[in-house]
1. What is the sum of charges, Lys and Arg at +1 and Asp and Glu at -1, for the other residues whose Cβ falls under 11 Å from the Cβ of ASN72?
2. Report, to the nearest whole %, how much of the accessible area of region 69-114 belongs to carbon and sulfur atoms, 1.4 Å probe, protein only.
3. I'd like the carbon and sulfur percentage of the solvent accessible area for region 138-197, probe radius 1.4 Å, heavy atoms only, ligands and nucleic acids excluded.
4. First select every other residue whose beta carbon is under 12 angstrom from the beta carbon of ALA91; then total the charges, Lys and Arg +1, Asp and Glu -1.
5. Tell me, what is the per residue accessible area of region 83-197 in Å², probe radius 1.4 Å?
6. What ranking do 89-102, 165-178, 138-151 get when scored by the average of other Cβ atoms within 10 Å per residue, highest first?
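The values are calculated or read from the model by the stated rules, or taken from the named source; none is laboratory data. Note that the coordinates shown come from a computational prediction; the quantities given were computed from them, not determined experimentally. Positions of Cβ are backbone-derived with ideal geometry, glycine not excepted, and every protein chain shown enters the neighbour counts. Note: accessible area is taken over every heavy atom of the protein model, side chains too, but ligands, DNA and RNA are not part of it. Shrake-Rupley method; radii C 1.70, N 1.55, O 1.52, S 1.80 Å.
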Amino acid sequence: MGNRKGEERHSLPFPPRLLAHPLAPRSAWLIAEPALTAARPATAWPRLGGDVYGRDPGADPGRSLTVLVDSNVLLDVMTEDPEWSAWSGEALAECAERSALAINPLVYAEVSIRFERIEELEDALPEEDFMRLPLPWEAAFLAGKCFVRYRRRRGPRRSPLPDFDIGAHAAVVGLVLLTRDATRDRTYFPGVDIIRP
């Protein structure tokens, strides 16, 4: 399947350009696993007429065709995390086969810490592979309310507000969330479909 520039679409769980990056994973399972090389079906992409947030008005109203990818999944793959890179890479590849992948500005910011230059980050997360979704104002409001509830329950400060923004984004827009840290999201956003270990 070609992308909008006429190039052949890659089928790895992340752009092949990332493999050439000095911080890129070199794990053999990412390159050799046949299931990871299946092309993403055309039906996985949002239809024309989908809104700016990735919602598809023609899709089954209970299912999203877009998966919001949490930064922890991307960083697991990029850093070859010994505990989580295999699960994260496989889950990312499976989602890429069936759905459009998306990130929001918060995920972009959290992943950016691994890169010195924005051009390197853009190469790692190209727009043709990761849709850029804006954070809706309603999601920011919901995240703030959930964070207050979390703190009142004596939640530790190590869970920053951006973690709630990502879950709220998925809740408000109706996206599937791919994350390995789903405890908070299940508690505060119970209606969100979550792909997790």
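1. Once positives and negatives cancel, what remains is -4.
2. Answer for region 69-114: carbon and sulfur cover 51 percent of the accessible area.
3. After summing per-atom areas, the C and S share lands at 50 percent.
4. -2
5. 50 Å²
6. 165-178, 89-102, 138-151
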